[in-house]
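Take a look at the structure set out below.
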Amino acid sequence: IQDAMYKLTNPRAQIESYVLDVVRSSVPKIDLDNVFLEKEEIAASIKEMLGETMGRFGYSILATPVTDIEPNMEVKRAMNEINKAKRLRQAAVDEGEAIKIRSIKEAEAEAARTEIQAKADAEAKFMQGQGIARQRQAIVSGLRDSGN
């Protein structure tokens with residue numbers, strides 16, 4: 001307690017200084033998108049550093065919650081632009097996939113139409129051939145009957 005009273009003139013400012021020091025040293029090592037996800041790790045680093053340093057002066061650090069991470073406006077704008085670009089890129093990929101699927105389905109439908117038309121043409125030619133064959137048989141039969 002004596003160290004806390006006589007060696008520190010402004011403990012609050014000293015704690016803030018240590019917190020900012022830890023934040024400045026640990027946050028740049030983390031990818032900006034992950035800073036929001038790794039709040040617990042940042043809080044643990046702050047607690048460890050403060051616990052060591054302020055413990056020497058008789059302070060006990062119970063918790064160091066990181067409640068809000070607020071990057072400056074330019075960083076926010078850049079992050080929003082990056083997210084927007086990612087979403088647009090994914091939308092373009094999705095649109096490309098949709099076009100590809102539509103093209104495949106249209107080609108399959110065209111192939112089915114062509115196959116149906118080919119079968120219909122073949123059936124028509126077969127029927128036409130049978131008709132011609134029957135006509136010729138009738139002619140031959142008529143010629144035989146007229147000769148008898």
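The values are calculated or read from the model by the stated rules, or taken from the named source; none is laboratory data. Everything numeric here is computed off the predicted structure, so don't read it as measured data. Cβ atoms come from the backbone with ideal geometry, glycine included; neighbour counts cover every protein chain shown. Accessible surface areas use protein heavy atoms only, side chains included; no ligands, DNA or RNA. Shrake-Rupley method; radii C 1.70, N 1.55, O 1.52, S 1.80 Å.
Within the group I132, I42, which residue is of a type in the set (V, I, T), surrounded by 10 or more Cβ atoms within 10 Å (Cβ to Cβ) and either within 30 Å of P11 (Cβ to Cβ) or within 24 Å of the chain's Cα centre (by Cα) (or both)? It would help to see each step written out before you state the result.
Values: I132 fails: either within 30 Å of P11 (Cβ to Cβ) or within 24 Å of the chain's Cα centre (by Cα) (or both).
Within the list I132, I42, the selection yields I42.
Can you tell me how many residues in region 68-81 are open to solvent by 80 Å² or more (accessible area, probe 1.4 Å) and either acidic (D, E) or at pLDDT below 80 (or both)?
Quick first cut of region 68-81, residues open to solvent by 80 Å² or more (accessible area, probe 1.4 Å) only: 68, 70, 72-74, 77, 80-81.
Filter once more, keeping what is either acidic (D, E) or at pLDDT below 80 (or both): 68, 70, 72, 74, 81.
Counting residues in region 68-81 that are open to solvent by 80 Å² or more (accessible area, probe 1.4 Å) and either acidic (D, E) or at pLDDT below 80 (or both) gives 5.
Is at least one residue of region 47-62 in a helix (DSSP H, G or I), under 21 Å from E16 (Cβ atoms), without any contact (Cβ under 8 Å) to a residue 60 or more places away in the chain and open to solvent by 100 Å² or more (accessible area, probe 1.4 Å)?
Keep residues of region 47-62 that are in a helix (DSSP H, G or I), which gives 47-55.
So of that shortlist, the ones also under 21 Å from E16 (Cβ atoms) come out as 47-55.
Now restrict to residues that are without any contact (Cβ under 8 Å) to a residue 60 or more places away in the chain: 47-55.
Pick out the ones that are also open to solvent by 100 Å² or more (accessible area, probe 1.4 Å) and you get 48, 52.
Among the residues of region 47-62, at least one is in a helix (DSSP H, G or I), under 21 Å from E16 (Cβ atoms), without any contact (Cβ under 8 Å) to a residue 60 or more places away in the chain and open to solvent by 100 Å² or more (accessible area, probe 1.4 Å), which makes the answer yes.
The set of residues in region 19-37 being loosely packed, with under 12 Cβ neighbours inside 10 Å, of a type in the set (A, V, I, L, M, F, W, C) and within 15 Å of E48 (Cα to Cα) consists of L20 alone.
When region 48-67 is filtered for residues that are under 30 Å from A78 (Cβ atoms), modelled with pLDDT of 80 or more and not hydrophobic (A, V, I, L, M, F, W, C), the ones remaining, listed by number, are T64, P65.
The set of residues in region 1-23 that are at pLDDT below 80 and charged (D, E, K, R) comprises D3, K7.
Looking only at region 98-114, which residues are open to solvent by less than 100 Å² (accessible area, probe 1.4 Å) and not polar (S, T, N, Q)? Walk me through how you get there before you give the answer.
So in region 98-114, the residues open to solvent by less than 100 Å² (accessible area, probe 1.4 Å) come out as 98-99, 101, 103-104, 107-112, 114.
A98, I99, I101, I104, A107, E108, A109, E110, A111, A112 - these are the residues of region 98-114 that are open to solvent by less than 100 Å² (accessible area, probe 1.4 Å) and not polar (S, T, N, Q).
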